[in-house]
1. Would you please state the base-10 log of I(q)/I(0) at q = 0.09, 0.16, 0.23 1/Å for region 57-175, with intensities from the Debye formula using one equal scatterer on every alpha carbon?
2. In what sequence do Ile350, Ile208, Ile335 fall when counting other Cβ within 10 Å, fewest first?
3. Could you list Lys70, Lys348 so that the one with the fewest beta carbons within 10 Å of its beta carbon is first and the one with the most is last?
4. Distance from the Cα centre of region 311-332 to that of region 283-301, in angstrom?
Amino acid sequence: MSRFREAFLTAALLAMATWASAQNTPYPGVGRVATPKEVAKWDIDVRADFKGLPAGSGSVAKGQDVWEGKCAQCHGVFGESGEVFSPLIGGTTAQDIKTGRVANLNRSDYPGRTTIMKVSTVSTLWDYINRAMPWTSPKSLSTEEVYAVTAFLLNLANIVPDNYVLSDQNIAEVQERMPNRNGMTTQHAMWPGKEFGGTVQPDTVNKICMKDCTPEPKLASFLPDFARNAHGNLAEQNRIVGPQRGADTTRPEPKAGAVVSAAQTAAPAIAPKPENAEAKAAIALLNKHSCTACHGVDKKIVGPGFNEIAKKHAGKVDYLAGKIKAGGSGVWGPIPMPAQGLPDADAKKIAEWISKGASK
């Protein structure tokens with residue numbers, strides 16, 4: 001009986017503890033408190049004092065290899081490209097590294113602002129690369145690769161030498177060489193701040209004028225007859241739900257005061273398109289392998305749209321599958337496409353879909 005009594009008391013105490021814990025939560029009976037391991041997976045930010053920075057290291061040489069394989073297609077070989085995103089490197093000098101203030105930021109005639117000109121903390125570079133890069137596969141870089149890519153960027157900006165190995169042990173020393181480390185300020189109120197002679201008083205102290213107000217203008221517009229149906233019937237280009245139906249532009253615009261029947265304004269019935277199973281499967285694969293981050297079906301993003309590729313390489317299944325796997329550059333512009341690690345079967349299915357016209 002004593003063992004039974006002990007087991008019973010233990011179970012009762014656990015039940016009471018669980019009940020008490022549930023009463024202390026904002027939503028009793030809904031979910032549970034995250035475990036420390038679960039929180040740690042999300043708690044990846046790196047502060048300016050380097051709290052949260054994982055132990056590790058990476059060399060400039062290693063960073064160059066990673067950069068050319070996973071980063072150069074969007075940012076250029078030297079981080080100077082502005083074709084896809086704003087340039088990362090450029091505009092800083094050896095004097096800026098000494099003073100910690102980028103002189104070109106004070107020039108209104110300077111043609112552009114690069115990341116290395118503006119960022120004041122090296123932890124920001126490390127943290128952003130770690131959580132968001134590469135664009136097509138964020139959080140896929142190892143800790144060593146993040147250190148290495150950060151070191152390579154710092155080397156491109158002449159902050160660290162060619163043989164440098166960046167680590168959690170020396171990153172604070174690198175911070176003392178950041179070109180704009182002293183450029184961060186909260187004193188400028190609204191942009192532009194004191195640096196450009198602007199006001200330091202926020203504009204929230206303004207008072208609304210309630211006298212001598214001008215009459216509110218009445219705006220009106222009309223669509224000329226020659227342009228009414230220039231871009232197809234608007235009634236067929238709106239969703240079938242919601243208040244916006246769109247005018248039937250295949251018919252003349254009703255005259256003011258005329259009574260229009262529901263039959264006259266109703267949009268013609270549109271037969272649903274049959275489902276394209278092959279296209280649906282191919283687009284699912286494109287999304288799965290992040291191809292749509294750089295290519296649209298019918299529009300260019302970073303690389304050409306699939307429709308455009310289909311026109312140029314109709315019927316070339318093996319060629320397209322090979323290009324998907326191997327990557328390359330120079331065919332559609334200077335930005336290279338990295339090699340893709342998707343299975344051969346998936347590459348062939350996508351290639352077959354493109355070779356047939358890349359229809360939706």
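A short reminder: the numbers here are calculations on the coordinates, not readings from a lab. Given the structure is predicted, the values throughout are model-derived calculations rather than measurements. No Cβ is skipped: glycine too gets one built from the backbone with ideal geometry, and neighbour counts run over all protein chains shown.
1. With no solvent term, the Cα-only Debye profile gives -0.23, -0.73, -1.46.
2. Numbers: Ile350 25, Ile208 4, Ile335 18.
Going from least to most buried by this count: Ile208, Ile335, Ile350.
3. Listed from fewest to most nearby Cβ atoms, that is Lys348, Lys70.
4. Region 311-332 and region 283-301 have Cα centres spaced 15 Å from each other.
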